[in-house]
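Right, one structure below, let's go through it.
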Amino acid sequence: MNKQQLANKIWASANKMRSKIDANEYKDYILGLIFYKFLSDNEVSYILKDMKGAPDDEKHAALESLVENYEDENAKVIIDYCRNNIGYFIEYKNLFSTWLLPDSSFTVADLSVALNSFDRLVSQNYKAVYDGIFKTLQAGLSKLGENPASQTRALKDLIKLIKDIPTDGSQDYDVLGYVYEYLIGNFAASAGKKAGEFYTPHEVAIVMSEIVAEHHKEKRQIEIYDPTSGSGSLLITIGKSVGRHIADKNRVKYYAQELKENTYNLTR
């Protein structure tokens, strides 16, 4: 999916949600759900990474074994395996892909439970990365409608939109950063603000990044700091530019700070 196709899908969904969500809050829902999909898909890929040639029923059985059951030794091993290696554990019933199945009975309550479970099951070693990262999404679920039924309908519409958004890293652009920039650029006017106050346009970020990379291309290691990091998109862009000159990606170190909690979560 290229950027224009992605922008068209986001805009169509935004128009559909116009009567339910304030334009300036829409980004909090879509970004939160995209990131949850990313984490969910990442766990699925990790579980199935050694089963590429296996039959579909075996792969499905492997995913169905993702249950929080501490009386089952096999289940306990899988929970620890995920938490120790990717930092978190998501049960099969809470996977984004499970909610999309034809026989799914997904409701807004299921998302609320899933987000609470995610926070509870984050590994202690990864708390700084994931702790409270869905706080804004969780707090805003009640705004999606007047009752659970209408909230569920609105949420299902968002999930149908997000299911096609790529989260596997195969795109030649930062999907989360682009979505953030697109939404801010289109909706900032509703708050009487200029979009430039909220993010660095990607074209500007590329020019800045290439200048930084040219001046530091001889270094074996580089440290990048952004004191007002927003979505973290500028950090990523600079990292990619300097990364072309540094073979080991671990030699590019990122440092950031952000005042607003919602936006800080995007950086994380």
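The values are calculated or read from the model by the stated rules, or taken from the named source; none is laboratory data. Owing to the predicted nature of the structure, the values given are computational and were not obtained by experimental measurement. All Cβ positions, even for glycine, are placed from backbone atoms using ideal geometry, and neighbour counts span all protein chains on display. Ligands, DNA and RNA are stripped out before the accessible areas are found, and what is left, the full protein with its side chains, is counted by its heavy atoms. Shrake-Rupley method; radii C 1.70, N 1.55, O 1.52, S 1.80 Å.
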Selection within region 96-123 - closer than 16 Å to R83 by Cβ and among the aromatic types (F, W, Y)
F118
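Looking at region 112-137 only, could you name the residues that are polar (S, T, N, Q) and free of Cβ contacts under 8 Å to residues at least 12 places away in the same chain? Break it down into steps so the answer makes sense when it comes.
Taking region 112-137 and keeping what is polar (S, T, N, Q), we get 112, 116-117, 123-125, 136.
Listed by number, the list holds a single entry, Q124.
Do you know which residues across region 26-63 are touching a residue at least 24 places away in the same chain (Cβ under 8 Å) and more than 19 Å from N85 (Cα to Cα)? Please lay out each step first, then the result.
Of all residues in region 26-63, those touching a residue at least 24 places away in the same chain (Cβ under 8 Å) come to 26-47, 63.
Of everything in region 26-63, those that are touching a residue at least 24 places away in the same chain (Cβ under 8 Å) and more than 19 Å from N85 (Cα to Cα) turn out to be Y26, K27, D28, Y29, I30, L31, G32, L33, I34.
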Restricting attention to region 76-113, which residues are surrounded by fewer than 16 Cβ atoms within 10 Å (Cβ to Cβ) and more than 23 Å from K156 (Cα to Cα)?
K76, V77, D80, Y81, N84, N85
Residues of region 204-230 that turn out to be touching a Leu at 6+ places or on another chain (Cβ under 8 Å), under 30 Å from L137 (Cα atoms) and open to solvent by 20 Å² or more (accessible area, probe 1.4 Å), as a count
1
For residues that are more than 18 Å from R268 (Cα to Cα) and open to solvent by 60 Å² or more (accessible area, probe 1.4 Å), tally how many sit in region 121-140.
1
Qualifying residues in region 25-67 (those that are surrounded by fewer than 18 Cβ atoms within 10 Å (Cβ to Cβ) and of a type in the set (K, R)) - the one farthest from K135 (Cα to Cα):
K52
Is it fair to say Y70 is part of a helix (DSSP H, G or I) and under 28 Å from I133 (Cβ atoms)?
no
So, first residue assigned to a helix (DSSP H, G or I) in region 226-252, second residue acidic (D, E), Cβ within less than 7 Å, six or more apart or across chains; the pairs are S233/D174; S233/E181; L234/D226; L235/D226; I236/D174; S241/E210
If I filter region 171-178 for residues that are touching a residue at least 60 places away in the same chain (Cβ under 8 Å), under 13 Å from K37 (Cβ atoms) and out of contact with any Gly (no Cβ under 7 Å at 6 or more places or on another chain), do I get at least one hit?
yes
Can you work out which of the residues in region 236-263 that are modelled with pLDDT of 80 or more, within 18 Å of L31 (Cα to Cα) and touching a Ser or Thr at 6+ places or on another chain (Cβ under 8 Å) is least open to solvent (accessible area, probe 1.4 Å)?
E258
Go through (1) over 21 Å from G87 (Cβ atoms); (2) among the aliphatic types (A, V, I, L, M); (3) modelled with pLDDT of 85 or more for I165 and report which single condition fails.
(3)
